[in-house]
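Let me begin by presenting the structure, written as C-alpha cells, before commenting on it.
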Amino acid sequence: METPRPMLEADGLTKRYEDGNLALDHVSFDVYPGQVYAMLGGNGAGKTTAINLFLNFIEPTDGEARVDGIATHKEPLKAKEKLAYVSENVMLYPNFTALQNLDFFARLGGNTKYSKDDYRQVLLRVGLEEEAHNRRLKGYSKGMRQKCGIAISILKNAPAILLDEPTSGLDPKAAVEFIRLLESLREEGKAILMSTHDIFRAKEVADVVGIMNEGNLVMQRSREELVGEDLEKLYVEYMTGYMDEVA
Amino acid sequence: MFRLLVEKELREIIGTTKFAVTFGVCSVLILLAFYVGARNFQVSQAEYEAARAENIKQMEGLTDWGRIDHRIFLPPQPLTTLVSGISNDIGRTTEMQTQGELRSENSRFNEDPIFAVFRFLDLEFIFSIVMSLFAILFAYDAINGEKERGTLRLSFANPVPRATYILSKLVGAFLALGVPLLIPILIGCVMLPLMGIPMTGSAWGRLAMVVLAGYLYLGVFLTLSVFVSALTEKSSNSFLLLLVIWIFAVLIIPRTAVLISGRAVDVPSIDKVNYDKNRYMAQLWLEDREKMQNYSRENPPSQDGDMQAWMDDFRAFMSELSDVRNEKMSDFGGRLNEERRNRELVQQRLALGIARLSPTSVFSLASTDLSGTSLDLKERYIEAANRYQETYAQFIREKTGSAGGFMFTMRGGQDEEEPPPIDPYELPVFEYEEPSSTTLINDSLFDLGLLVLFNIVFFAGAFVAFLRYDVR
Ligand SMILES: Nc1ncnc2c1ncn2[C@@H]1O[C@H](COP(=O)(O)OP(=O)(O)OP(=O)(O)O)[C@@H](O)[C@H]1O
Ligand SMILES: [Mg+2]
C-alpha cells in the first residue's frame with residue numbers, strides 16, 4: 001500500500017539543548033507519502049523539538065532527520081524545498097491582508113504563478129470567509145490567523161507537511177473542516193507529520209499515532225492496530241509521568 | 001528571492017500608519033530646517049549689508065583718517081545658515097585697528113538671544129535627530145519582531161539563505177526610510193533658489209555631501225538597530241537598548257566629551273590672559289614713565305631755545321619708546337596667545353576624540369566641515385581679519401603718514417584751514433572668502449570615513465549575529 005521510500009524519516013534523532021536538557025532521545029519513525037502521522041504527548045514531551053529538527057531550526061545532537069532522503073542538517077535548503085510548515089501561534093504580518101501574506105509566503109516558497117483567485121480558493125478551503133480576505137491581519141482572531149497559516153502551507157504544494165498543533169485556536173467547526181482538509185491532502189499523496197493534543201481528532205484522521213514522553217517515542221501504532229482500542233486510555237497509560245506531574 | 005524580500009520590507013514599513021505619521025513629522029521638520037535656514041540667510045544678509053552701510057556712513061564727514069572707527073563683518077554664507085555649526089557663536093564684527101590684537105564681538109546669539117533657541121532648527125541638528133530616530137523606530141524589531149510574529153520561522157521553513165535574508169532586511173529598510181526622506185530634502189533644495197538664496201555650484205555640491213553624510217548617518221543607526229535586534233529575543237528589549245544608545249550618542253557623549261576634556265586639559269581663560277597682558281602693559285608703562293622723566297631731566301628744554309625743536313625731539317623719543325613698548329607687548333601677548341591656543345588645541349583634540357565615539361558627533365563634524373562652519377571658521381575669520389589689518393594699516397599709513405598708535409597731533413591755531421572730508425569708500429574692502437570646496441571636502445573626509453566605518457562595523461555585526469540567530 002505505501003511506496004517503499006518514506007518521505008519523512010527520523011533516524012535515531014537526538015537533541016540535547018545547550019542547558020543539558022535531553023529533549024529527544026534516539027527517536028525513530030517514518031512518514032510515507034499519503035500518510036498522516038499524529039504525534040501525541042504532554043507539554044515538553046519533545047514534539048516541537050522533533051519538528052524543528054526536520055526544519056533544521058536546530059541541529060541534532062545525534063542521528064538525523066531526512067526529507068525525501070535528504071539529511072536536513074546537511075542540505076537544509078534542499079530539504080526545505082520539500083517541506084511545508086504550520087507552526088503554533090503564528091501571527092504573520094499584521095499590516096498585510098490575508099492575500100498579501102499568502103502572496104509573500106507563496107513566492108518565498110518558489111510559487112510565483114498563483115493568481116488572486118487561487119489565493120481566495122485556498123482561503124475558502126481552510127474556512128476563511130471571503131469578507132476577511134482583504135482585511136489586515138491585525139484585526140484577525142487567533143483562529144483566523146491559524147487558518148491563514150494553514151493556507152500558506154497548502155500553497156507551498158510540498159510533498160511533506162509539518163504541522164505543530166495546527167488546530168490550536170480553531171473552533172470545533174473549523175477543526176472538523178481541518179480534518180477534512182487533511183484527508184484531502186492525504187489523497188494528494190502528501191506525507192503529513194502533525195503534533196497535537198487532540199486525541200479524538202488524531203484517532204479519526206491519523207494513519208499512525210506516536211506517543212512521546214520525555215523525549216522518547218513510547219508508543220507507535222497504525223490505524224489498523226488501533227481499531228477497537230481506546231486511544232485515550234492508552235495515552236493516559238503511557239503518560240503517567242505527565243499525569244503525576246499535573247496531580 | 002532578494003527582490004521579493006526587499007519588496008516585502010518596503011511594503012511592511014511604508015504601509016503602516018506609524019510610518020505615515022512619522023514621515024509626515026520628519027518631512028515638516030526637514031522643510032522647516034530649509035525654510036528657517038533660508039530665512040536666516042536673508043535676515044543675516046540684510047543685517048550684514050546694513051552694518052556695512054552704517055560703518056561707512058558713520059565715517060562720512062570725518063576729516064582725519066587717523067580718527068575713523070572702522071569695522072569689518074563676517075558675511076553670511078548660504079550653507080552657513082543651513083548648517084550653522086559655530087557660525088552663530090563667534091563674533092562677526094571686528095573693530096579694525098592698524099596694530100595690536102583684533103577682537104571680534106557681536107555673535108548672533110549675543111545680539112539676538114532668541115536666536116539661540118532656534119538653533120535646533122538647523123539642518124544638521126534636524127538630520128541628526130530625525131535620521132537616527134527614524135532608523136530606530138522602524139528597525140528596532142527588524143529581526144526579533146519577525147520572530148515574535150512567527151514569521152521568521154515560517155520564512156525559514158522555505159529555502160531562504162540567511163545571508164540573503166539579512167541583506168534584504170538592511171537594504172529594504174534603508175530604501176524604505178531613505179527614499180521617502182528624499183522628497184522633503186529635494187523640496188527644501190528647490191526652496192533655496194526660490195527664496196533667493198545665492199547657491200553657488202560649490203555650495204550645491206557641498207549640500208549634496210551633507211545629505212550624503214546624513215544618509216551614511218541613517219545607515220549607521222539602521223545597521224545598529226538591525227544588529228541590536230539580531231542580538232535580542234524581544235523587541236521591547238531591543239527598543240529600550242537602542243533608546244539608551246540613542247540618548248548616549250545624541251545627547252550624552254558629545255556633551256561629556258567637552259566636559260571631560262575641559263577637566264583633563266587646563267586652558268587659561270581669556271580673562272586670565274588679558275589680566276596678564278594688562279599687568280605686563282602696566283609694568284612697561286611704569287618703566288617708560290621713568291625713562292620719560294629721565295629724558296626731561298637730562299634734556300631740559302632750554303629756556304630761550306626752540307620749543308618746537310625740543311618738542312620734535314621729545315616726540316621722536318616718545319615714538320621710539322612707544323615702538324619698543326608695542327613690540328614687547330606684542331611679543332608677550334603673542335606668546336601668551338600662542339600658549340593658550342596650544343592648550344586649547346590639545347583640549348579640542350581630546351574633546352573631538354571622545355566625541356567621535358558617537359556617530360552623531362561624527363556626522364555633525366562632517367557636515368560642519370562641509371558647510372565651512374566647523375571650529376576652523378573662527379580661525380579662518382581671524383586670519384582673514386589679520387590679513388586685512390595689514391592692508392588697512394598700509395592704507396592708513398599712506399593717508400596719515402603715521403601708523404597710528406600713540407600720536408601726538410598738534411593742532412595748530414585757528415588760522416589753519418579745515419582739511420577736506422575723507423572719502424570712506426577709499427577704504428580697502430574686506431572680502432571674506434570661503435575656502436574652496438576641495439579644502440572643505442578634504443576636511444570632512446576623515447569624518448565621512450568614520451561614518452562609513454561605523455556602517456561597516458554594525459553591518460558586519462548584524463550579519464554575523466543573524467547567521468547565529470535562533471529563528472524558532
Ligand atoms: N531552546 C531550548 N533550550 C532548552 N530546552 C528546551 C528548549 N526548547 C525546548 N526545550 C526543552 O525541550 C523539551 C521538549 O520541548 P518541546 O517544545 O519539544 O515540547 P513539546 O512536546 O512541543 O511541548 P508542547 O506540547 O508544550 O508544545 C522541554 O523539556 C523543553 O523544556
Ligand atoms: Mg510544542
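A Förster radius of 35 Å, combined with the Cβ-Cβ distance separating residue B:2 from residue B:446, puts the computed FRET efficiency at roughly 0.55.
Once the Cα atoms are used to define both axes, helix A:172-187 deviates from the longest principal axis of chain A by about 80 degrees. Taking the 0 to 90 degree range and rounding to the nearest ten, how far is the long axis of helix A:142-156 tilted relative to the main principal axis of chain A, both from C-alpha atoms? So the helix axis and the longest Cα principal axis differ by about 90 degrees. At a threshold of 8 angstrom on Cα-Cα distance, excluding pairs fewer than six apart, so keeping six or more, what relative contact order does chain B reach in percent? Over chain B, the number comes to 28 percent. What is the Cα centroid distance between segment A:130-144 and segment B:348-385, reported in whole angstrom? Cα centres, segment A:130-144 to segment B:348-385: 54 Å.
What is the distance in Å between the Cα centres of segment B:5-51 and segment B:178-223? Centre-to-centre (Cα) distance: 10 Å. Ligands, DNA and RNA excluded, the heavy atoms of residue A:26 present near 110 Å² of accessible surface to a 1.4 Å solvent probe.
In chain B, a dipole from Cβ-located charges (positive for Lys and Arg, negative for Asp and Glu) runs towards its positive end, and of B:63, B:352, B:425 it is B:352 whose Cα lies farthest in that direction. Annotation for residue B:17 and residue A:118: the two label points, set 7 Å from Cα along the Cα-Cβ direction, are 3.4 nm apart. The angle between the Cα long axis of helix B:162-194 and the main principal axis of chain B comes to about 40°, on a 0 to 90 degree scale. Applying a DSSP loop filter and a limit of 13 other Cβ atoms within 10 Å to the GluC sites (Glu not before Pro) in segment A:151-192 leaves A:188. With 25 Å as the limit, the listed pairs A:82/B:8; A:47/A:116; A:47/B:169; A:47/A:80; A:80/A:190 have A:47/A:116; A:47/B:169 beyond it between alpha carbons. Across segment A:8-246, the relative contact order, built from alpha-carbon pairs under 8 Å that are at least six residues apart, equals 28 percent. Mean per-residue shielding of peptide A:51-63 is 2, counting Cβ atoms of other chains within 10 Å of each Cβ. Rounded to two decimals, the Cα radius of gyration of chain A over 2.2 N^0.38 Å is 1.00.
Taking 7 Å steps out from each Cα toward its Cβ at residue B:320 and residue B:393 produces label points 2.1 nm apart.
Extending 7 Å from Cα along the Cβ direction at residue B:287 and again at residue B:200 yields two label points whose distance is 4.7 nm. Set Lys and Arg Cβ to +1 and Asp and Glu Cβ to -1, take the dipole of chain B about its Cα centre, and tell me which of B:26, B:241, B:194 lies farthest positive. So the residue furthest toward the plus end is B:241. For segment A:8-246, the fraction of 1.4 Å probe accessible surface lying on carbon and sulfur atoms is 46 percent. Of the trypsin sites (Lys or Arg not before Pro) found in segment A:80-177, those in coil by DSSP whose Cβ has at most 15 other Cβ atoms within 10 Å are A:113, A:135.
Find how much the distance from residue B:341 to residue B:433 grows on full extension, using 0.36 nm per residue of separation minus their present alpha carbon separation; answer in nm with one decimal.
Going from the current span to full extension adds 30.8 nm.
Summed over both chains, the contact between A and B buries some 2500 Å² of accessible surface at a probe radius of 1.4 Å.
Kindly identify the protein assembly as shown as rounded, prolate or oblate by the Cα gyration tensor criterion: order the square roots of the eigenvalues as a ≥ b ≥ c, call it rounded if a/c is under 1.5, otherwise compare a/b with b/c, prolate if a/b is larger, else oblate. Judged from the Cα gyration tensor, the protein assembly as shown comes out prolate (a/c at least 1.5, a/b above b/c).
Counting other C-beta atoms within 10 Å, and keeping those with at most 10, which DSSP coil trypsin sites (Lys or Arg not before Pro) do you find in segment B:238-317?
none
Taken about its Cα centre, segment A:8-246 carries a charge dipole of roughly 1220 debye when the Cβ of each Lys and Arg holds +1 and the Cβ of each Asp and Glu holds -1.
The stretch between residue B:453 and residue B:95, if pulled fully straight at 0.36 nm per residue, gains 124.4 nm over its current Cα-Cα span.
Each Lys and Arg contributes +1 and each Asp and Glu -1, all at the Cβ; summed about the Cα centre of chain B, the dipole is approximately 3580 debye.
About the centre of its Cα atoms, segment B:98-247 shows a dipole size close to 600 debye [charges on the beta carbon of Lys, Arg (+1) and Asp, Glu (-1) only; nearest 20 debye]. The mean number of Cβ atoms from other chains found within 10 Å of a Cβ in peptide B:146-156 is 6, as a whole number. Close amide H partners of residue A:213, meaning residues 5 or more places away or on another chain with modelled amide H under 5 Å apart, are A:218. Using heavy atoms of the protein chains and a probe of 1.4 Å, the accessible area assigned to residue B:338 is about 110 Å². Accessible-area rank, largest first, for A:170, B:370, B:345: B:345, A:170, B:370, with all protein chains present and a 1.4 angstrom probe.
Once the Cβ-Cβ distance of residue A:77 and residue A:173 is raised to the sixth power relative to R0 = 35 Å, the FRET efficiency obtained is 0.35. Here the accessible area is traced with a 1.4 Å probe on the protein chains. For segment B:316-389, carbon and sulfur cover 53 percent of it. Each helix, a run of at least 4 DSSP H residues, gives -39500 (n - 2.57); summed and divided by the residues of chain B, these come to -24000 deg cm²/dmol at 222 nm.
Per residue, the accessible area of segment A:8-246 comes to 41 Å² when a 1.4 Å probe rolls over the protein heavy atoms. Using a cutoff of 8 angstrom between alpha carbon atoms and counting only pairs six or more residues apart, the relative contact order for segment A:165-247 works out to 21 percent.
The values are calculated or read from the model by the stated rules, or taken from the named source; none is laboratory data. Just so you know, these numbers come straight off a predicted model, no measurement behind them. Virtual Cβ from ideal backbone geometry, glycine too; neighbours counted across all protein chains shown. Areas reflect the complete protein model, heavy atoms only, side chains present, ligands, DNA and RNA absent. Shrake-Rupley method; radii C 1.70, N 1.55, O 1.52, S 1.80 Å.
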